[in-house]
């Protein structure tokens, strides 16, 4: 059994102490009123509490101890690729030469940083079989928006303005339709076939001279390789539309196949998934977008250019959709991904994919007798089991997920994709050992023999008991002003 | 695990792709190579560098370095299982609360990507709230931010019009703005400080002058330690770049997008938000809430496509505010104000320089007019190992284009010696320029 | 689970109820629907005066992890909304046919009512 740290840690606003505060900078000689008219200054200081350094450090130490990370243990959250990232990436990102440089400083004084971005552009192009990359997007969804705006620019540039629809399969990540809508497209959702893959008939019916693009992730969110990938590409292109690759599942195919080889025209990657940069509890991420040569003119500006041994920012993109983010992207995240790629090399990345897929199939084989896996015979990096039968025992997949927390495992993704009833989506990643996966299966087996009350009352070993999300939605308490002591 | 099976047999032969990239490096090799590359970059912290604006070098307290490297917070995913993520969630809730105190807005979300995309999202939000599609933005604004705003409104056929600034004061050209305000306008965006470094008192009663349009205010959150808070002068939406709150400058990223709104707008707001609730025993607990706005539930009807945000940056900014306290933030903001004013005064003494160029008050940055094109001065400064301010010529294009205006910014890491050296070099320029 | 059905109402295939008095119709969602949606947390009420045609989106009801579009069962104008729901969406869960009413509409085409289901047809539709 597991026991998470449990502190009744007060909010910062409830802590104040008399300990003298550490001062981090000199005091000014004169008050701000001497420089800025008093009418522009705030009458009362902001309600930011005065807490000693010692107490602040203890506060965040306790918060950290009440947080499950990959550093804590197994995190088989499907579609999120929660692999362990080697700590060297943190050391490199903390080198002052990378950490303390300003995006506006003269290019001649930032050659090392420009080298890193250029190197990453090139390596990502090779991994995905694309021709050019932008590193600007801050996350996967941001990459999708960027890609779709490029698709729009491409069609508009060709005076092909009637293409108002983007097709997404019903198993697609929610970001796909949301990004398409943000880019001004109507979303056409197509149902999956009986095997969980794209139904070619449904696709054919949906494709028309109004189609701007099809967004696809391959392997799909069921962890199944889209067997008709090449036919799909042909169909989409014959309709005059473009094929977009959602790279969230790239960890499944490195060194085996690539979006370019599968006929995709553009792709976004989630560096915080496949390339091991830590997810930070929600971000920062990075979502670079790669394109085939014919889309290169539309890439966000600037890109990084190399002439001999000199690197520079290239703003000469007359057809560019313009920048999509301040400066050059989440640079330190990009740097971490580069360190990861350089550390593993081509063979290492291929091995990472092989292990991730082997782990997934091993776990699928062990889990399927306990929870059926309705789609697929062989899986890539993840698979989706169904907790449908649990209802007969008087509990649901959520209860199972919560009970797993008590055993010291983060729960898999539940209730996505919707195609699978009571979905239980498992992605072990390559960095887990057989022992860790066996322990997970053993816990699952034990739990399934427990009485329903145990599961419905779970979790009990975590920092708090089951959290009332309905109350949260009704309370609407977003700051400490709305919280009672 | 590898049991020798081929799990890739279903990938067609003609779609195979192997990786033609070099072999992996050992950890010591990696560190050596990257250290060499890092050495090629000139750092700005603790040096004679006068770049700033929205991205400012900041002294990062040692305790903050410690907090930002805590592995559990760093390697967590989004808190989909709140029971094992209470620390992360409480930290984000505290960030939201601290930012709400600074901005005096009802609700601050758990972060957007950065200040620029935050503006894009704010425009989309204004349009959803007012069912209008027209926006007024300042002409004197970072060009990349303008382009990003244009890109974000393109998706719903929004329209952006720009209003001018006062030639002398550097603030909003009110008569121009009034002429452009109409019933069709969804939102009016103002910046405080603006891209010219100016603090504009006129913004305090802007809300009454824009009819039914929403007031969108772009801020430097650090400045709010001393300046009036936008929530107190009628802002409907507050956005800004959160990097100045203790984040490494990192060549411009990762960043932190601040978004604050009034209670009325909360259900139309983009991005995640953490709310307080209870666990089974009635204990205090936190979770991500109002999720029905988000893409994983609402898909194409979501308020935004944002999923991953900048949560860890928000945690760090929150910890920075906690370490500083209101008193420390005020001390720092006061110090920057003082240093900027002293520097402007000294620069103004150099022949042909006008600093500050604009008559309105300023915080930590100010515009300077130079006697010769600024690019030549910048070059000369670099030769003297000084990184000058940011050229503002991209803001003064077209008719009456100017190439002799720059924005100089100060920060607490600049050594005293650097100020005297900068001024000395500027005094030398009159001899060789002209 | 047995769902309650109010004999005095008419029903849609999509689980809304309509209770007509004169040329006004009170509208809500059925007991069956509220069970399916689970604990409701929010109702996005339409504005008074909104004109809507039958089948067009009228309002949205939300629980923690779902949002359901409620389409207009009939054409007309919204003349009243249940403001009580603004802070207490759960009233719909507790009392879907009475205190949990959502809007009142003025009918535009009364003959549309003929296309709605009566209580027994609705009971059959939901399998009870």
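The values are calculated or read from the model by the stated rules, or taken from the named source; none is laboratory data. No experiment lies behind these values; they were computed from the predicted model shown. Because the Cβ atoms are built from the backbone with ideal geometry, glycine has one as well, and the counts that use them run over all protein chains shown.
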Next item on the list: Determine whether residue A:246 is in contact (Cβ under 8 Å) with a residue 60 or more places away in the chain and assigned by TED's automatic domain parsing to the domain that holds residue A:147.
Entry: yes
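Do any strands (runs of 3 or more DSSP E) entirely within the range A:263-368 hold 2 or more residues that are under 28 Å from residue A:427 (Cα atoms), and if so, which? Talk me through it step by step, then tell me what you get.
Numbers: elements: A:266-269, A:289-291, A:303-307, A:310-314.
In the range A:263-368, A:266-269, A:289-291 are the strands (runs of 3 or more DSSP E) which contain 2 or more residues that are under 28 Å from residue A:427 (Cα atoms).
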Note to self: So, in the range B:295-328, how many residues would count as being surrounded by fewer than 24 Cβ atoms within 10 Å (Cβ to Cβ) and within 16 Å of residue B:107 (Cβ to Cβ)?
What the structure shows: 1
Check: Failed condition for residue A:56, given (1) facing chain B (nearest Cβ under 7 Å); (2) in contact (Cβ under 8 Å) with a residue 60 or more places away in the chain; (3) touching a helix residue (DSSP H, G or I) at 6+ places or on another chain (Cβ under 6 Å), with all others met?
Finding: (2)
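Would you list the strands (runs of 3 or more DSSP E) that sit entirely within the range B:191-303 and hold 3 or more residues that are over 22 Å from the mean Cα position of the chain (by Cα), at pLDDT 95 or above and not assigned by TED's automatic domain parsing to the domain that holds residue B:93?
On the way: elements: B:214-219, B:237-241, B:257-261, B:273-278, B:284-289.
So the answer is none; nothing clears 3.
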Notebook entry, point to check: Of all helices (runs of 4 or more DSSP H) completely enclosed by the range B:75-189, which ones contain at least 1 residues that are at negative phi and within 14 Å of another protein chain (Cβ to nearest Cβ)?
Noted result: B:86-103, B:115-130, B:143-154
Item checked: All positions within the range A:153-201 that are closer than 23 Å to residue A:423 by Cα and part of a loop (DSSP other than H, G, I, E, B) -> A:170, A:171, A:172, A:173, A:174, A:191, A:193, A:194, A:195, A:196, A:197, A:199
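Residue A:202 - would you say it is under 23 Å from the mean Cα position of the chain (by Cα) and either surrounded by fewer than 19 Cβ atoms within 10 Å (Cβ to Cβ) or within 27 Å of residue B:6 (Cα to Cα) (or both)?
Working: under 23 Å from the mean Cα position of the chain (by Cα): no; either surrounded by fewer than 19 Cβ atoms within 10 Å (Cβ to Cβ) or within 27 Å of residue B:6 (Cα to Cα) (or both): yes.
Considered against the rule, which asks whether it is under 23 Å from the mean Cα position of the chain (by Cα) and either surrounded by fewer than 19 Cβ atoms within 10 Å (Cβ to Cβ) or within 27 Å of residue B:6 (Cα to Cα) (or both), residue A:202 comes out as no.
Which of the following residues is modelled with pLDDT under 95 and under 26 Å from residue B:332 (Cα atoms): B:49, B:45? It would help to see each step written out before you state the result.
Values: B:49 fails: modelled with pLDDT under 95.
When all the criteria are applied, what remains is B:45.
Pick from the range B:56-69 the residues that are touching a helix residue (DSSP H, G or I) at 6+ places or on another chain (Cβ under 6 Å) and surrounded by 22 or more Cβ atoms within 10 Å (Cβ to Cβ): which of them is nearest to the other protein chains (Cβ to nearest Cβ)?
Ranking the qualifying residues of the range B:56-69, first place goes to B:67.
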Check: When you scan the range A:15-38, how many residues do you find that are more than 7 Å from chain B (Cβ to nearest Cβ) and loosely packed, with under 12 Cβ neighbours inside 10 Å?
Finding: 3
Next item on the list: State whether the residues of the range A:468-483 include one that is at pLDDT 95 or above and more than 7 Å from every other protein chain (Cβ to nearest Cβ).
Entry: no
Notebook entry, point to check: In the range A:79-102, is there at least one residue being within 7 Å of another protein chain (Cβ to nearest Cβ), under 30 Å from residue A:418 (Cβ atoms) and modelled with pLDDT of 95 or more?
Noted result: yes
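Quick grid of which residues meet (1) more than 7 Å from chain A (Cβ to nearest Cβ); (2) free of Cβ contacts under 8 Å to residues at least 60 places away in the same chain; (3) touching a strand residue (DSSP E or B) at 6+ places or on another chain (Cβ under 7 Å):
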site	(1), (2), (3)
B:234	yes, yes, yes
B:239	yes, no, yes
B:243	yes, no, no
B:253	no, no, no
B:257	yes, no, yes
B:271	yes, no, yes
B:283	no, yes, no
B:288	yes, no, yes
B:299	no, yes, no
Notebook entry, point to check: Here are some conditions: (1) more than 7 Å from chain A (Cβ to nearest Cβ); (2) within 30 Å of residue B:59 (Cα to Cα); (3) without any contact (Cβ under 8 Å) to a residue 40 or more places away in the chain. Residue B:331 meets all but one. Which one does it not meet?
Noted result: (1)
Next item on the list: Would you point out the residue of the range C:39-61, among those that are within 12 Å of residue C:29 (Cβ to Cβ) and in contact with a helix residue (DSSP H, G or I) (Cβ under 9 Å, 6 or more places away or on another chain), that is surrounded by the most Cβ atoms within 10 Å (Cβ to Cβ)?
Entry: C:40
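Can you pull out the residues in the range A:227-242 that are part of a helix (DSSP H, G or I), within 14 Å of another protein chain (Cβ to nearest Cβ) and surrounded by 16 or more Cβ atoms within 10 Å (Cβ to Cβ)?
Taking the range A:227-242 first, the residues part of a helix (DSSP H, G or I) are A:229-238.
Remaining after also requiring within 14 Å of another protein chain (Cβ to nearest Cβ): A:229-234.
Passing the criteria: A:229, A:232, A:233.
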Check: Within the range A:205-227, how many residues turn out to be modelled with pLDDT under 95 and over 26 Å from the mean Cα position of the chain (by Cα)?
Finding: 0
